[in-house]
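No lab work stands behind these numbers, since they all come straight from the coordinates. These numbers come from a predicted model, not from an experiment. Note that we place each Cβ from the backbone using ideal geometry, even for glycine, and neighbour counts take in every protein chain shown.
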Amino acid sequence: MGFKRAHKFAPFLTFIFHDLLKLRRGVVMKNLSLAFPELSEEEKAVLCRKCYISAAKTFIELMAFPVVKYDQIEGYFSDEAVNMGRAAFERGKGVILLTAHFGNWELAALGYPKKVGFPLSTLVQPQRNGYITNWMVKARTMWGNKIYRTGHAAMTLYKALKNGELIGIAGDQRGPEDGLRVPFFGISSAVNEGTATLALRADAPILMGFMVRQPDNSYDFKLHEISTENLPKDKNEAVKEVTARHTALLEKYVREYPDQYFWMHNRWKY
């Protein structure tokens with residue numbers, strides 16, 4: 001069963017989790033209220049339901065990974081994105097592929113490395129259910145990617161970069177309450193600084209990718225390099241600036257495609 005056939009189940013899942021169980025619906029509405037204060041309650045409610053439809057499609061696609069063929073998704077990755085990745089590798093510093101919980105981020109991490117010709121190294125967080133962990137590992141590695149178990153994550157990824165590897169990071173989740181903050185939708189937001197710290201320490205380029213779902217449920221992979229030029233001399237300020245830059249790019253995409261962001265995460269808990 002391919003993606004397009006699988007999507008017919010999305011309305012049913014939306015009914016279960018949005019309409020019936022109202023799973024995390026309050027969190028989504030709170031996030032939308034903070035991000036888009038200009039929207040009316042009715043407009044936010046409509047957008048909220050669209051977010052659940054998008055999340056349902058992503059979940060269904062993940063379940064279909066084992067039966068999806070590469071030639072079904074190869075066209076989602078443009079020559080421009082491929083050439084950008086290969087040029088970054090030619091610098092010999094390794095490459096960070098930064099993603100966010102947007103569109104189908106797992107599909108980006110699965111398909112782009114195969115298209116560009118360099119396997120992706122990433123971390124996996126063990127789940128309480130060992131079956132889920134094993135399924136995640138199998139799905140993420142089915143086209144040659146590598147998985148590192150969490151534990152000494154920063155050092156593991158740094159060594160991978162020094163070995164010239166392509167590493168994957170989903171860097172948009174909430175950071176520690178007493179940690180770094182940068183603007184996100186005009187709000188001082190707790191962020192994770194790991195991507196910027198790794199990039200500056202290893203002198204590695206950051207390529208930020210977004211798997212944008214199209215109206216026909218295909219995808220268009222958008223890739224950008226995050227500039228590390230013209231940074232403050234102070235290391236902490238440099239990390240903050242790079243983090244602010246990739247957070248601003250994320251905001252740009254979320255504003256353009258707000259239903260494709262994973263708003264179920266309590267982004268502004270503090």
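Quick notes on this structure:
- Residue exposure sequence - TYR270, TYR261 - by fewest surrounding Cβ within 10 Å: TYR270, TYR261
- Label-point gap, in nm, between MET63 and GLN214 - each point 7 angstrom along Cα→Cβ: 2.6
- Note on the chain: helix-only mean residue ellipticity at 222 nm, from DSSP H runs of 4+ residues weighted -39500 (n - 2.57) and normalised by residue number, equals -14000 deg cm²/dmol.
- Summary value for the range 46-139: 29 percent relative contact order, contacts being C-alpha pairs under 8 angstrom separated by 6+ residues.
- Computed from point charges on the beta carbon alone (+1 for Lys and Arg, -1 for Asp and Glu), the dipole magnitude for the chain about its Cα centre is near 880 Debye.
- When every Cα-Cα distance of the range 71-258 is counted in 5 angstrom steps from zero, the calculated P(r) takes the values 1, 8, 16, 20, 22, 17, 11, 4, 1, 0 percent.
- Each label point was placed 7 Å from the Cα along the Cα-to-Cβ direction; for ASP178 and LYS252 their separation is 3.5 nm.
- Based on C-alpha pairs under 8 angstrom that are at least 6 apart in sequence, the range 71-258 has a relative contact order of 27 percent.
- Net lengthening on full extension, VAL82/ARG128 (0.36 nm per residue, minus Cα-Cα): 12.9 nm
- Approximate spin-label separation PHE36-ARG201, in nm, with each point projected 7 Å along Cα-to-Cβ: 3.8
- Above-threshold pairs, the threshold being 25 Å between Cα atoms, out of LYS30/LYS222; LYS57/LYS159; LYS4/LYS114: LYS30/LYS222; LYS57/LYS159
- Per-residue Cβ neighbour rank within 10 angstrom, fewest leading, ARG24, ARG128, ARG91: ARG128, ARG91, ARG24
- Straightening the chain between PHE15 and PHE185 buys 58.3 nm, computed as 0.36 nm per residue apart minus the Cα-Cα spacing.
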